[in-house]
1. At 4 °C and a viscosity of 1.567 mPa s, what translational diffusion coefficient does Stokes-Einstein give for segment A:1-129, taking Rh as the Kirkwood radius over Cα pairs? Give it in µm²/s as a whole number.
2. Using a 10 Å cut-off around each Cβ of peptide A:37-44, what is the average number of partner chain Cβ atoms that fall inside?
3. Using a Gaussian network model of chain A whose springs link C-alpha atoms within less than 10 Å, name the residue from A:A90, A:A194, A:A163 with the highest mean-square fluctuation.
4. Averaging sequence separations of C-alpha pairs under 8 Å and six or more residues apart, then dividing by the length of chain B, give the relative contact order as a whole percent.
5. With contacts defined as alpha carbon pairs under 8 Å and 6 or more residues apart, what's the relative contact order of segment A:1-131 in percent?
6. So for the pair B:R286, B:A46, with labels modelled 7 Å out along Cα→Cβ, what separation do we get in nm?
7. Which lysines have a Cα less than 21 Å from the Cα of B:K149, not counting those fewer than 8 places away in the same chain?
8. What is the sum of charges, Lys and Arg at +1 and Asp and Glu at -1, for the other residues whose Cβ falls under 9 Å from the Cβ of B:A198?
Amino acid sequence: MRRIRVIPVLTIDRDARLVKTVGFGKRTYIGDPINAVRIFNTKMVDEILLLDIDASTDGRGPNFDAIGDIVEEAFLPMGYGGGIRSVDDAARLFALGLEKVVLSTEAFADPGLVTAIADRFGSQAVAVSLPYGRKLIGGEQVLTRSGKQRTGQAPVAAAQAMAAAGAGEIIVYSIDRDGKWTGFDLPTVSAVAAAVAIPVVACGGAAGLDDFLPAIRDGGASAVAASSLFVYRAPKQGVLISYPDEADLRDRLFAKLDA
Amino acid sequence: MTLATSPLPATSAQVCTRTVMDGSDPDIRFDADGVCNYWHEYQAFAATLPDAAAKQARLDTLLAAVRADGKGKPYDCVIGLSGGVDSSYVTWLAKQWDLRPLIVHFDNGWNNELAVRNIENICKKLDFELHTFVMDWDEFRDLQRAYFKASVVDIEVPTDHMISGALYRLAAKYNLKYILSGLNHATEWLMPPSWNYAKFDLVNLKSIHRTFGEKPLRKLPALGVWQRAWYQLVRGIHSEAVLDLVDFDKAKAKELLIRELDWVDYGGKHYESLFTRFYQGYILPRKFGVDKRKAHLSNLILSGQATRDEALRELQQPTYDAAMQERDKAYVRKKLGFSEAEFEELLVRPNQRHEIYGTDQKQREFYFRVIGTAGKILRTVGLKR
């Protein structure tokens, strides 16, 4: 049976507080990231992505102390993104126990950084996140710096460039769907997945387990990521960490991939 | 009934012959037969309890009032759900009673996975919406740190105080008059006065925080004398111990929750929170010489839900797994931001009575004087009988 990774994404702010955004805008404080990661760890999730959504905007590097305290609770692969500006930053993060770094703002400012990290640690250790939004006229573009800075590049072209630079994985992150529970943006996920040979992670909009299958089967993604779904009980309901259990994943996702 | 005081001084070696309370409680007294004061007090208390018919009548009246209050509102009452037996059972009962509760979970940063899973299953199976009150962790941590530094016995005051504060605050916000609580005398009647502290003493809480805290408390839902007076007298919000109005048998309740709601047992009482587990299973016995299981088990004996032999056997077991205690200790220390040396020092620092930091006694006395005077005036002018 084919298995795919189902990844919770946790976002922290400049004070290392766990927050959840809607469309990269309005923020809700949802608690302590250390405890959240500990619960996910007990639930035996495949992998966690931790993103500091203020680092690039603040123009600072990763909050290593806070990240270390969080990573310590995870006996599962964990990736981190936010404010990574040098190979040294990446090295320090790997030393803390992270498996993967996620670049976005800095990858666009300097694609050589992707190459340098990939050369030193292997491309499996560097992912590039492509947060994108719809342009007023025609198509989509990648928006870095927490959605504030236009790159002028379409997700497909950006993905190809980052794959060429040495990225081992592309995260296709729809800003418009972030926190909206409307399902993945399948056309963009498909277009990116068709354009690059490396794994593509669909992110932004998942409302339930049933959204995962089309992203993989029809969209060609190799993994799926979600945040609201795993930190809220349901839309407009309370904060509660959850993750589908193995039987659910098997029956409603993996088994269907084989069919 | 008058209680003969034992000629022997209370020592931890002397164990009550009816319950499993012993001299580790400084206020315990034994009669000539070696029976402790709690047993006698419970008999007197039990004699005042309503019979089944009277309980049912009270419950019917309460449920009618709850439903009436909820007319035209999205909810009719508030229930705080921790994922533990008592609150989970109250939630299950609410469904049987056809109530429309606002289910509130209080997240103080110490949930464990089992609690979270229980809450998820309960809301899913009973089809109730969940509302989470997320404590500001930075402030809450600062308050918990202050309690550690104060070296007082009841480090759970911040949690218990703020849960109640949050429940009243939400009841007021949604204009609801009833909070259904899981408090009950079948499992929670007995607690030696020196083993815990008044949960609503905001003067004590603030003073401990003023002395040892480092950050201002701005976002936590306080519930002192005045806040309670506002909620209860002005807004008319009541907290109702509904488990006292039904036959609450803990073991049977657990079985039902497991069968009906896929509920998972997490071991000790209130072990749904990692902090509570560490506090009750490690800090209390080691630092304060208190094993709360003695009170909990004695309570079950008093309400006829356990035998003394069962309780004694249970007490032979460690409070919980030793390796897990060490893991919890490292985690609690890290989360509260203490260095190893600091934390070890706090665990051996001389214990202090809560009262040395001040109490709300004067506020309470003043409050009751005002209430009393107001009552007199109203009676004098004929507005109240």
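1. Answer from the Stokes-Einstein relation: 87 µm²/s.
2. Average neighbour count from other chains, rounded to a whole number: 3.
3. Highest fluctuation among the options: A:A194.
4. 20 percent
5. About 19 percent, as a whole number.
6. For B:R286 paired with B:A46, the spin-label model returns 3.7 nm.
7. Excluding near neighbours in sequence, the set is B:K199, B:K206, B:K215, B:K287, B:K329, B:K334, B:K335.
8. Values: positive: B:K199; negative: B:D154, B:D201, B:D360.
Local net charge: -2.
The values are calculated or read from the model by the stated rules, or taken from the named source; none is laboratory data. Computed from a prediction, not measured in an experiment: that's the story for all the values here. All Cβ positions, even for glycine, are placed from backbone atoms using ideal geometry, and neighbour counts span all protein chains on display. Areas reflect the complete protein model, heavy atoms only, side chains present, ligands, DNA and RNA absent. Shrake-Rupley method; radii C 1.70, N 1.55, O 1.52, S 1.80 Å.
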